[in-house]
Structures are given as C-alpha cells and as structure tokens.
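First comes the structure, then the notes that go with it.
The values are calculated or read from the model by the stated rules, or taken from the named source; none is laboratory data. Since this is a predicted model, take the numbers as computed values, not measurements. Here the Cβ is made from the backbone with ideal geometry for all residues, glycine too, and neighbour counts use every protein chain on show.
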Amino acid sequence: MIRLSKGEALGQSGVFLDFQERLSRVAPVDRPVLLMGERGTGKELAASRLHFLSRRWKGPFITLNCATLSPSLIESELFGHEKGAFTGATQRRTGRFEAADGGTLFLDEIGSIPLEAQEKILRVVEYGVFERVGSSGPVDVDVRIIGATNMDLSAMADREDFKRDLLDRLSFEVLFLPPLRYRGEDVMLLANHFAARIAYELGREEVIVFSEKALEALEKYSWKGNVRELKNVIERAVYRSDETVIDEIVFDPFTSPYDSLREEERGQEPVIAVEHKAEKETASFKDTVKSFEIELIQKALSLAHNHQKRAAEDMGLTYDQFRGLIRKYSEELAGKGKKSWI
C-alpha cells in the first residue's frame, strides 16, 4: 500500500500500483511524457511525481493550464515578451519555458494549444531554443515537457488540429491514469482519508466512519468525476453531519429539495372524495395531503423517539426535506399539543 502526504497520490489497488510503477520507471528518463486521463484522475499530481522522481527534481516545476488562455495570450505566456511587443507590454516578461529552465514544464490541457504556438513548442523540443514575442534573439533553455489531456490527440492529429510532428516528439511515453471506477478498494481508502482530513480541519476529534448503507452507495457509484468528485462528496457528507457515523451520502449537490413539489404547491386543488373514520367526506386534495403528511410526521417522530434524522430516514426523506415539512406544519403540530420542532 502507498501512503503519501497531502497533495500526493494515495491508493493500494492493483491498477493504481501498476500505474505508479510505470510512472516511476519513466521518471528518470529525460524525455517528454504524455499523461492521458479523465477529469479528476490526478494528472497534475502524476506530473509532479514524475518531476520529483527525475534527475531534475532540484530544478523548477512550472505548470500552465493551456485551456485557461486565449490563443492571443498563450504564446506570450509560454515564451514571454519584450517591452513594447504589443499594447500593454510595458516591460520584458519571462515566459513559462524560461522559468522552467533546468526543470520541468507541465502543460495541462495541451490539446487546447493553437497550431501557431505548437510550431514554436516543436522548435523548443527539437532544438532547445525559442524567441520571446517581439524579439528575434534566441533564448536557450533546457526543459523537460510533460503534457496532459483528456482529448484524443491522435485523432486531433488526423484532423490536423494538432501537429503530428509535435505529437511524435511528445509521446516518448504515454501513461493512462486509471479512472476511480477501476480502482476498487481505493474508493474507501480515499474516502476514509478525505473524511479524516476534513474532520481535522473542522476541529472534530472523533473518528469518522461510514454506515453499511453509505459504504454500499459509495462502492456502487460510477465516479465520473473520479477522485476530485469523491473528495467533494466525502467532505460534504462529513461537514453536514453532526454524527460520527456517516449515513447519508449526497452525490449531486444540485438536486433541488423542491423538485418533488405536489400539485397543491403548483396551485392545483382538485376535489376528491375520501373515506375517513368510517364516513365519507368531500375534501380538497390540498387538505387531504396536508392532514396525511402531518399524521405521518407525528407517527415518524413518535417511533423515532423524537430523533428527527432517524424519523426522516424512516420516511425516506433527507434531513433537509424533513425539516422543511416540520417548518411547513409548525402551527398545526404545535396546535396538537406537540412541542415546537423548529
């Protein structure tokens, strides 16, 4: 099992350890590497590990997310510019290649680099030289490039959206990061790690554990956002809970608690006939549902000995949904001799 400090990789599954072994093998070889993987799989962590396992570990490790820059700015960001090279260039600026001299330059989302800039990158890879924007003087650099993307660069090269020559130079080794759904036991290893860390940040001394229901949900989930998504889900679950045992897992924080609004909340009040206490009454749908919900709330609270979270679970509701019903019917519940639940 590999246990690393905050900001580094963590895992013990076979596919994870196999990836780490291949990464460690290529790290000392002073050649470009491409990291391919879905979002949230930890490409920047892998690039950092490649650098610090290489012979360049004492040199700088410079990163650039190429997707965050417009085509007009990326050349200046990569290669720097001279004073007066364009409007707003009031002084000479060092680019990322120059800053990474003697070390490693990590180009995240490398598939977003425009073709014009790719030409200049190709020259740096082949000859170790470039010119700042607005200058014709060469700048010599010694930089190892690590690229990362979730795009199909080979298909982009076939469409001439990515230079084939540059792809050939950068792909000395191509490493595919395993998605979390293929990492099996790593899900709970990471979940416990993230739970312990957020508990510490919140100043909670108790050990956080997961119920059987929560464990089953975590292990069955597909994790399209991979480790980044898992981290968010676990940290959200711990901070929302007052208990040491985490029972409720919310995978989608954008699910509205109001999506299941009933007809009466949409302004519709159809009249229906109901059977109640051995006699027929004619009541509105709104009044019928209201009476039934109040009865269910009282019964759930009674069976749960007034423990609201347990009552919510028995009713198949989230705690927030249950609290919403308590607030909605606060007057009726108080009027029936119950204590205030707000």
Across the range 163-187, which residue is nearest to R228 (Cα to Cα) among those that are of a type in the set (A, V, I, L, M) and in contact with a strand residue (DSSP E or B) (Cβ under 8 Å, 6 or more places away or on another chain)? L177
What is the residue count in the range 53-72 for residues that are under 27 Å from the mean Cα position of the chain (by Cα) and more than 16 Å from T104 (Cβ to Cβ)? 5
Would you list the helices (runs of 4 or more DSSP H) that sit entirely within the range 165-265 and hold 2 or more residues that are exposed (fewer than 12 other Cβ atoms within 10 Å of the Cβ)? 186-201, 212-220
Checked V227, V233, V187 against criteria (more than 28 Å from H51 (Cα to Cα), hydrophobic (A, V, I, L, M, F, W, C) and outside the structural domain of L78 (by TED's automatic domain parsing)); the one match is V233
Considering only the range 39-49, how many residues are more than 12 Å from L105 (Cβ to Cβ) and either free of Cβ contacts under 8 Å to residues at least 12 places away in the same chain or touching a Ser or Thr at 6+ places or on another chain (Cβ under 9 Å) (or both)? 4
Does the range 43-50 contain at least one residue that is basic (K, R), assigned to a loop (DSSP other than H, G, I, E, B) and either surrounded by fewer than 17 Cβ atoms within 10 Å (Cβ to Cβ) or under 24 Å from the mean Cα position of the chain (by Cα) (or both)? no
Going residue by residue through the range 29-37, is there one that turns out to be among the charged types (D, E, K, R) and modelled with pLDDT under 95? no
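Test S136 against the criterion of being without any contact (Cβ under 8 Å) to a residue 40 or more places away in the chain and out of contact with any Leu (no Cβ under 8 Å at 6 or more places or on another chain), and give yes or no.
yes
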Across the range 54-72, which residue is modelled with the lowest pLDDT among those that are surrounded by 12 or more Cβ atoms within 10 Å (Cβ to Cβ) and in a loop (DSSP other than H, G, I, E, B)? L69
